[in-house]
1. Measure off 7 Å from each Cα along the Cα-to-Cβ vector at residue 179 and residue 42, then give the distance between these two points in nanometres to one decimal.
2. What is the extension gain from residue 97 to residue 154, computed as 0.36 nm multiplied by their sequence separation minus the C-alpha to C-alpha distance, in nm to one decimal?
3. Going by a ≥ b ≥ c, the root eigenvalues of the Cα gyration tensor, does segment 30-120 fall in the rounded group (a/c under 1.5), the prolate group (a/b larger than b/c) or the oblate group?
4. Working from Cα positions, state the angle (0 to 90°, nearest 10) between the long axis of helix 199-210 and the longest principal axis of the chain.
5. Hey, what angle do you get for helix 26-43 against the long axis of the chain, alpha-carbon based, 0 to 90 degrees rounded to 10?
6. Take each of the peptides 30-42, 196-208, 11-23, average the number of other beta-carbon atoms within 10 Å over its residues, and list them starting from the highest.
7. Quick check on segment 5-173: take the gyration tensor over C-alpha atoms, sort the square-rooted eigenvalues as a ≥ b ≥ c, and tell me if it's rounded (a/c under 1.5), prolate or oblate.
8. May I ask for the distance between the Cα centers of segment 128-166 and segment 80-127, given as a whole number of Å?
Ligand SMILES: [Zn+2]
């Protein structure tokens with residue numbers, strides 16, 4: 001079996017926050033949505049590379065170069081809109097048939113979670129759709145400064161958007177979407193913030209964050225499973241014991 005490959009461009013990052021409104025910052029929303037997209041694709045045995053996995057500078061030129069070097073089957077760029085308006089929209093380069101099919105499949109899934117669509121649009125100027133070799137789409141999920149921001153103003157709602165993108169990608173790749181059983185959902189669930197973790201794990205994970213041992217924190221940045229958190233806590237306790245014995 002040969003694995004399908006998908007490249008995810010995560011719009012903005014680091015010194016470039018992108019759009020902002022209603023307490024939402026685009027670079028952060030993009031990362032949360034992109035990670036949910038990645039997780040669903042990996043769960044279906046799709047190989048994924050992301051242009052960034054933390055809050056760091058990530059120019060569009062770098063993204064395109066990385067994407068072309070990776071040579072994926074499909075490429076998705078994740079953005080969030082601003083400037084007055086509401087609804088999802090997706091851009092493709094004119095004439096790209098596979099990209100259009102991908103855009104249609106993603107749009108269908110985004111509508112299925114209750115988001116309106118402004119449609120599939122073409123652009124000859126967006127570097128992402130112009131310069132990527134693989135069939136590529138650029139998604140603008142919602143407007144941070146529009147009335148539809150309330151549909152996506154929590155991490156859970158942003159994950160749902162990422163999962164909708166994933167369903168559209170999987171359909172385009174000819175991979176059947178499999179729902180997770182509840183116990184599998186808990187096992188695979190990735191926690192993006194300390195506050196999201198089960199209560200009994202929070203204080204020790206917070207201590208690892210506070211001392212700098214665990215980085216990448218911030219909305220969407222923690223990105224660990226419950227099992228990973230438990231392993232980290234055991235390692236922390238072992239270190240604490242070892243240090244106490246030395247003292
Ligand atoms: Zn953007």
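Each reported figure results from applying straightforward, stated rules to the coordinates on display, with no laboratory input. These figures come from a predicted structure and were not determined experimentally. Note: ideal-geometry Cβ built from the backbone for every residue, glycine included; neighbour counts use all protein chains shown.
1. It is 2.5 nm.
2. Values: separation 57, 0.36 × 57 = 20.52 nm, distance 3.41 nm.
Going from the current span to full extension adds 17.1 nm.
3. Values: a/c = 1.38, a/b = 1.30, b/c = 1.06.
Rounded is the answer for segment 30-120, as its axis ratio a/c remains below 1.5.
4. For helix 199-210, the angle is close to 90 degrees.
5. 90 degrees
6. Working: 30-42: 24.9, 196-208: 14.7, 11-23: 16.5.
In decreasing order of mean packing, 30-42, 196-208, 11-23 become 30-42, 11-23, 196-208.
7. Rounded, since a/c falls under 1.5.
8. Measuring centre to centre over Cα atoms gives 9 Å.
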